[in-house]
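Below you'll find the structure, written out as structure tokens, and then a few comments.
The values are calculated or read from the model by the stated rules, or taken from the named source; none is laboratory data. The structure presented is a predicted model; accordingly, all values stated were derived computationally and were not measured. All Cβ positions, even for glycine, are placed from backbone atoms using ideal geometry, and neighbour counts span all protein chains on display. Note: accessible area is taken over every heavy atom of the protein model, side chains too, but ligands, DNA and RNA are not part of it. Shrake-Rupley method; radii C 1.70, N 1.55, O 1.52, S 1.80 Å.
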Number of protein chains: 2
Amino acid sequence: MTEPTSETSGHNNSGTAGTGSGYKPAMSAAPHILVVDDHREIRDLVSRALSRDGYRVSTAADGRAMRKALVDSRIDLVLLDLMLPGEDGLSLCRALRAESNIPVIMLTAKGDEVDRVIGLEMGADDYVAKPFGSRELIARIRAVLRRSGEAPASAHGERPKHYRFDRWALDTGARELLRDDGVTVPLSTGEYDLLIAFAERPQRVLSREQLLDLARGRSAAAFDRSIDTQVSRLRKKLERDPGEPKIIKTVWGGGYMFTPAVEHK
Amino acid sequence: MTEPTSETSGHNNSGTAGTGSGYKPAMSAAPHILVVDDHREIRDLVSRALSRDGYRVSTAADGRAMRKALVDSRIDLVLLDLMLPGEDGLSLCRALRAESNIPVIMLTAKGDEVDRVIGLEMGADDYVAKPFGSRELIARIRAVLRRSGEAPASAHGERPKHYRFDRWALDTGARELLRDDGVTVPLSTGEYDLLIAFAERPQRVLSREQLLDLARGRSAAAFDRSIDTQVSRLRKKLERDPGEPKIIKTVWGGGYMFTPAVEHK
DNA sequence: CGGTTCAGTCACAGTTTGTCACAAAATGGC
DNA sequence: GCCATTTTGTGACAAACTGTGACTGAACCG
């Protein structure tokens, strides 16, 4: 496979211009859409259309790539081809549904009503028949995104979870960070989101761009140092000696790595 | 956003009128109507007609979306298509009836008298056959809303419920907030409504707009800070240390989150 | 060892939020 | 209806949060 199966394209709007239609400045960032289709032409086509409209786009050619993209970044919506080699779209959709509530729009070549019914029963949020126009697709996407919570940031959120690492306990239900000795250390929203992104992917190098996507749901600007600052702030609260961090290690030229073993309940 | 698929639209300039003459009770805000139909054209059509008439409108394409809308916002009336893929309208209607008394108007393509009878038996409050004119639809809606309690705000209210969280007990029957030690803490109507909205959706980030809809049944104005003030007041009564709230947490740039586990009896 | 690039952190500015005081509105009693 | 009381929303200002620029130090390269 020489071909990049899961890259991001599309730029983040810088506020005023850019975004195809949104005159709502409140939206913190463009939604991140994952296109899963085995035909490259379709991926490229859809990908271009969506980025043109201001969305951030990643692509995947099969189920495995899809899963990887879902772990590596914070996806707001999945465009899923019904017919895929290996696992087909329906089972992927069902699996996706089973463990998250990321909205899914099904794509299919056939216009069968049957497929549509099956798709919706499998938990797809909408259904678009190929060939489709980009205007229609975008309208559907916008509709589904709006319907499914309006707040793309919390699209992941579901059952409260509980993480333990080092001498810390992180409770997503209470949104609290608790130290061994019983003291609750207050975290700002940004610090909390960043810590969750880390705790869910321990012992892996995470690039700044990835962290920005995972924690803030946006893509990096030219010289974006905001993650560094946030890591610095987080270290000050987490580390015994922020000058020599043990928990969040720096990977020179690569990003950061959350090193402790995480007990994930 | 040319296409209002599931946002609220339509303003009500309630304001001054109010006084005296009325069969119309001081309606605080426009009723919020949920349109459930799998055909987009119908959703759009109906949606436009209703917003033009001043209603706030959300839409859903299937049962799942309907349920989501019902949890996410305070719906005053449901327009429900009889024929839906997956679960059909009748079972949805019955389910809806089972756990709330939100009025339902059934839509159906066929003019069968049979359907009508079944629909009404299932608990629908009225029945409109497609194709229908918007004038007729709106007349029916107004009639049903008036009939069903006249006060859209209390459309949800049904069996008294009992919530327990942290060291508090909230009794919707008595409309009282009781602390562990037996002391009853008086809440104003607004504080009470807001607390109910929170207690029914624990461990979820709720935007200010959503809270405004859930607790006050209206949509947000430009720089509406009333929710912040109300949260502040509520915190002063609920929290041990209002300066460092544990129960209602702030999500910077996102809204608020009610963190304690809620025992819901 | 010197130059270059990358990372840590501080200070600052732009936003967002907390909260007080006050006015408008609703409520209740007469 | 009229006035006292309570409640709710608004404006204003302080505090908190986040991202950016600047400066400094550390890591890499030859």
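Annotations for the structure displayed:
- Consider region B:20-74 and keep the residues that are among the aliphatic types (A, V, I, L, M) and open to solvent by 20 Å² or more (accessible area, probe 1.4 Å). The one that is modelled with the lowest pLDDT is B:ALA26.
- Subset of region B:60-92 [among the basic types (Lys, Arg) and free of Cβ contacts under 8 Å to residues at least 60 places away in the same chain]: B:ARG64, B:ARG67, B:LYS68
- Of A:GLY217, A:GLY190, all but one fail to be within 14 Å of chain B (Cβ to nearest Cβ), in contact with a strand residue (DSSP E or B) (Cβ under 8 Å, 6 or more places away or on another chain), within 12 Å of DNA strand D (Cβ to nearest atom) and among the small types (Gly, Ala, Ser); the exception is A:GLY217.
- Screening A:GLU99 against (1) of a type in the set (Asp, Glu); (2) open to solvent by 10 Å² or more (accessible area, probe 1.4 Å); (3) within 21 Å of A:ALA129 (Cα to Cα) leaves a single unmet condition, (3).
- Pair list, Cβ under 6 Å, 6 or more apart: region B:125-142 residue within 20 Å of B:MET83 (Cα to Cα), other residue open to solvent by 20 Å² or more (accessible area, probe 1.4 Å): B:ASP126/B:ARG140; B:TYR127/B:ARG116; B:VAL128/B:ARG140; B:ALA129/B:GLY111; B:LYS130/B:ALA109
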